[in-house]
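Every number in this text was worked out from the coordinates using simple rules, so none of it is lab data. Note that the structure is a prediction, hence the values are computed from the model and not measured. Here the Cβ is made from the backbone with ideal geometry for all residues, glycine too, and neighbour counts use every protein chain on show.
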Amino acid sequence: MTLSLFWSRYTLELQEQHIRDVDALYRYLIAREKWNWFLAKIPEQEQVKILRGHNHGDGAWSCRKWLNHMLEWIRENKPAAVYDAVIDKIHIMDIKPVEELEKQAARNISSEELKNLQKAGYFRCIREDKKTE
């Protein structure tokens with residue numbers, strides 16, 4: 001539940017930026033490739049506790065703030081080696097070439113979505129016949 005809640009929040013944040021739908025979809029797909037692994041590391045019950053009271057209204061957290069609080073939870077509740085490994089992986093994901101993220105994301109979208117994204121200038125490194133590689 002909290003994964004879908006997080007991504008719903010992210011989608012709302014993109015809509016608030018008043019960008020084209022295709023740009024929002026691209027940002028969503030790339031962000032999902034960068035962050036789903038991390039979100040899955042926090043037990044759902046803990047995510048609910050972290051988010052409680054900050055899901056809507058004036059005190060609602062942005063996705064970035066939510067991620068920061070989840071990282072803090074790992075620091076406080078997991079061994080230092082786990083926290084350090086998570087920090088290292090975040091750094092690796094931050095410097096990962098966008099082409100690699102696009103290749104991963106392309107596996108999870110339809111051919112039509114891929115074509116629309118390519119028309120907008122995204123996913124240039126993906127050929128339709130190579131989508132599943």
Item checked: Charge sum, other residues only, whose C-beta stays under 13 Å from ALA81's C-beta, Lys/Arg counted +1 and Asp/Glu -1 -> +1
Notebook entry, point to check: From the square roots a ≥ b ≥ c of the eigenvalues of the alpha-carbon gyration tensor of segment 58-115, which class results: rounded (a/c under 1.5), prolate (a/b over b/c), or oblate?
Noted result: oblate
Next item on the list: Using a/c under 1.5 as the rounded threshold, could you call the chain rounded, prolate or oblate? The axes a ≥ b ≥ c are square roots of the C-alpha gyration tensor eigenvalues, and prolate needs a/b larger than b/c, oblate otherwise.
Entry: oblate
Margin query: Please compute the contact order of the chain in relative form: average sequence separation of alpha-carbon pairs under 8 Å and at least six residues apart, divided by the residue count, as a percent.
Written below: 27
Check: Roughly how many debye, to the nearest 20, is the charge dipole of the chain about its Cα centre, given +1 on each Lys and Arg Cβ, -1 on each Asp and Glu Cβ, and no other charges?
Finding: 80
Notebook entry, point to check: Which distance in Å, rounded to a whole number, links the C-alpha centroids of segment 28-80 and segment 87-110?
Noted result: 19
Next item on the list: Within the set of other residues whose C-beta is less than 12 Å from the C-beta of SER62, count the net charge using Lys and Arg as +1 and Asp and Glu as -1.
Entry: +1
Check: Amide H neighbours of ILE42 under 5 Å, counting only residues 5+ apart in sequence or on other chains, H built in-plane at 1.01 Å?
Finding: none
Checklist line | Listed residue pairs exceeding 29 Å between alpha carbons, taken from LYS65/LYS119; LYS89/LYS115; LYS49/LYS89; LYS49/LYS103; LYS34/LYS115 | finding: LYS65/LYS119; LYS89/LYS115; LYS49/LYS103
